[in-house]
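The values are calculated or read from the model by the stated rules, or taken from the named source; none is laboratory data. Computed from a predicted model, the values in this text were never measured in an experiment. So basically every Cβ, Gly included, is an ideal-geometry build from the backbone, and we count neighbours across all protein chains shown. The protein model used for the area step is the full one, side chains on, heavy atoms only, and it has no ligands, DNA or RNA in it. Shrake-Rupley method; radii C 1.70, N 1.55, O 1.52, S 1.80 Å.
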Amino acid sequence: MKPHRLVSPVFFVVLLCLAAVALALPDVPDDPTLAATNNTITVSWKTVADADGYTIFWGETETEVTNETNPLKRTNSELGLTDPVDADEDVSFTIGAASGVTLEPDTTYYVAISAFESDRDSALSGIESITTETDPEVPPAPANLTLDLRTDASITISWDKAADSDNVTAYTVSVEKRVAGVFQSVSLTPDSPIDVNDPKATYSGLDADTRYRFRVTATNAQGNSEPSSWLVVDTFAAGQTRDNLAPETPILSQDDHPPELLENLSVRVLFDGNNDGMADLSVYRVYYGTDPANLTDQQDVSPENDAIIPGLAEDTRYTFRVSAIDTSTNETPQSDESVSIFVEEVHALLDDPETFEGGCFVNASQERASPRPLPVVPMALAIAVLGLAIKPRGIPLLLTTLLLLPPATGHTQDPNTIGIKAGFHRLTDDRYKDIYGENAISGTLFYQRSLSGPLTASLEAGYVKRTGTKRTDSGQESKAETELILVPLTASLTWESRVAQEVILFAGGGLDYWYYRETSDTHKVDAWDDGDYGVAGYHGRAGIKLFTRDPYFDNKAGVIIETVYSVIDRFGDNAIDLGGWTFNAGIFHTF
């Protein structure tokens, strides 16, 4: 055997081993750690042995990273590493504007890395995610500037500390001094630096009996806040513990802010106090009376409260002026302009028994106007409706009676109909409209039963809620709020005519009994409390039913559109009519 034949297999094994070593991939880096600002992500990891550099992959989805969509390839030297690089050295890279990448604030990003050696890349590390911070903002304006101490030569003020998240680094106080009736900026330095954790400032060396005003801005790395509101402070007179400077005179305007009439012969006087931020403002004094040249009555009002003057005389015109008083009892002159109002008692809609009373038109205690003529059929229904109103427990009995009636000709399959309607209730009574406006949204549930041929009977229950303001007998508007709730209960007879397979026209009428409740801060009128349970009336209606062709409903459902006109005034016995026009649209189902 020749020796060279034994050497040849060994030689090839060595070559294969050398090739395997040469083609080995770099080690996979450990999972990176991430840190973010509003527009950067810093990626940190440990180096691996023999790597020439690293590729950072990023994206807004894991798929982008897995597909290596956004590679950022950097050599060791570009990463600040010096060869030879050992394993487990700390290295980091920042994704952001400096690396040619624009990141959005408050956005989640995914990151992974791989190592490369020559043209060979390791597998990806684990994928990590992080959300960038929101855009930084300037701090809000400082709040609640407060006078802590004043003398004849110094003033100390304080304000609320900013939230830690605002990262406030400094406060700046602007100071102005009033000279000849005009505020002018002055350069003053606080006695000591302002502590951002306990913000306050003391200014010494001030002039006695002089008006100053202060406002504050806060600063962080993003810039300055809007300034706070002004705080106006008067130094004491020299050697005294009071000042001699009156506040600013309030401003009244009959055109822009006339007085408001309230309940119980009260008036709210509106005015511009003209003393925003006045630290020593005590009260506003309202002068009033019937003689504009000699306002003898007065009432003090806290700056935090409305100026409400109670107990005025009815059917009398009053005039008002206002002054301001500070804690040193300095009082301004009365306002240059006065305001006036004619004081009357205010009324809601239903609080006068002379114009509204519950029940039906029958009244045994006194003679009443004759009822308006009604059709014979609605009149017959009145007995049932009024009986239900007086004894509500009869409703289930009537419903049971209707259900047990034999189906009418032409309605043998589906004699019953139920549904719901919504619409607009439009008033016709002028006083009603004056107090509650013209329109309100109404809702109605209804049940209908076929009787004979095209004739049907139905019961309905609705709901209407309105809010408004009381009026005087002369029609003067007030600011006394009131609320009215109506629950109309109606019984109707309707004539239906099928003009097409899916179309029914109808018209009819019937009787009503409406529950009512009207409330305000000073009155309550409730049909239930009154023992009448409601007020009677009548209505007429016309409309159209459209059946759906959808096979799912088997020609048993559709929409209804109708117009109803109701007169709810005890058949002419009340001066107030709660009815009007109602325009409804709804859905129904037959069975």
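Quick notes on this structure:
- The single condition among (1) assigned by the TED database to the domain that holds PRO310; (2) touching a strand residue (DSSP E or B) at 6+ places or on another chain (Cβ under 8 Å) that ASN264 does not satisfy is (2).
A quick yes/no check of all residues on (1) under 18 Å from LEU578 (Cα atoms); (2) not polar (S, T, N, Q):
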| residue | (1), (2) |
| --- | --- |
| PHE446 | no, yes |
| SER452 | no, no |
| LEU455 | no, yes |
| LEU459 | no, yes |
| THR494 | no, no |
| GLY510 | yes, yes |
| TYR516 | yes, yes |
| HIS523 | no, yes |
| GLY531 | no, yes |
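- Within the stretch 138-175, considering residues that are among the hydroxyl-bearing types (Ser, Thr, Tyr) and within 31 Å of the chain's Cα centre (by Cα), the one most open to solvent (accessible area, probe 1.4 Å): SER165
Okay, residues lined up against (1) touching a helix residue (DSSP H, G or I) at 6+ places or on another chain (Cβ under 9 Å); (2) of a type in the set (Val, Ile, Thr); (3) without any contact (Cβ under 8 Å) to a residue 40 or more places away in the chain:
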residue: SER450; (1), (2), (3): no, no, no
residue: ALA457; (1), (2), (3): yes, no, no
residue: LEU493; (1), (2), (3): yes, no, no
residue: TYR515; (1), (2), (3): yes, no, yes
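Residues are listed down the side, and each one gets a yes or a no for (1) in contact (Cβ under 8 Å) with a residue 24 or more places away in the chain; (2) among the polar types (S, T, N, Q); (3) assigned to a strand (DSSP E or B); (4) touching a Cys at 6+ places or on another chain (Cβ under 9 Å):
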{"position": "VAL85", "(1), (2), (3), (4)": "yes, no, no, no"}
{"position": "SER92", "(1), (2), (3), (4)": "yes, yes, yes, no"}
{"position": "THR102", "(1), (2), (3), (4)": "yes, yes, no, no"}
{"position": "ASP106", "(1), (2), (3), (4)": "yes, no, no, no"}
{"position": "ALA115", "(1), (2), (3), (4)": "yes, no, yes, no"}
{"position": "ALA123", "(1), (2), (3), (4)": "yes, no, no, no"}
{"position": "GLY126", "(1), (2), (3), (4)": "yes, no, no, no"}
{"position": "SER129", "(1), (2), (3), (4)": "yes, yes, yes, no"}
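- Any hit, the stretch 21-37, residues being open to solvent by 40 Å² or more (accessible area, probe 1.4 Å), at pLDDT below 55 and outside the structural domain of PHE116 (by the TED database): yes
- Where a residue in the stretch 324-345 is farther than 30 Å from GLU477 by Cα and its partner, wherever it lies, is among the β-branched types (Val, Ile, Thr), with Cβ under 6 Å and at least six apart: ILE325/VAL283; GLU331/ILE325; THR332/THR249; PRO333/THR249
- Number of the exception - THR456 against (1) open to solvent by 10 Å² or more (accessible area, probe 1.4 Å); (2) part of a strand (DSSP E or B): (1)
Yes/no matrix, rows are residues, columns are (1) of a type in the set (Asp, Glu); (2) touching a residue at least 60 places away in the same chain (Cβ under 8 Å):
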residue: ILE504; (1), (2): no, no
residue: THR519; (1), (2): no, no
residue: ASP529; (1), (2): yes, no
residue: VAL535; (1), (2): no, yes
residue: TYR538; (1), (2): no, yes
residue: ASN555; (1), (2): no, no
residue: VAL567; (1), (2): no, yes
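- Selection within the stretch 75-105: residues that are open to solvent by 60 Å² or more (accessible area, probe 1.4 Å) and aliphatic (A, V, I, L, M). The member of this set that is nearest to GLY53 (Cα to Cα) is ALA98.
- Among the residues making up the stretch 302-324, those that are under 30 Å from ILE155 (Cα atoms) and either among the aromatic types (Phe, Trp, Tyr) or surrounded by fewer than 18 Cβ atoms within 10 Å (Cβ to Cβ) (or both) are SER302, PRO303, GLU304, ASN305.
- Within the stretch 475-591, strands (runs of 3 or more DSSP E) holding 3 or more residues that are more than 30 Å from PRO258 (Cβ to Cβ) and open to solvent by 40 Å² or more (accessible area, probe 1.4 Å): 477-500, 503-520, 535-547, 557-567, 580-590
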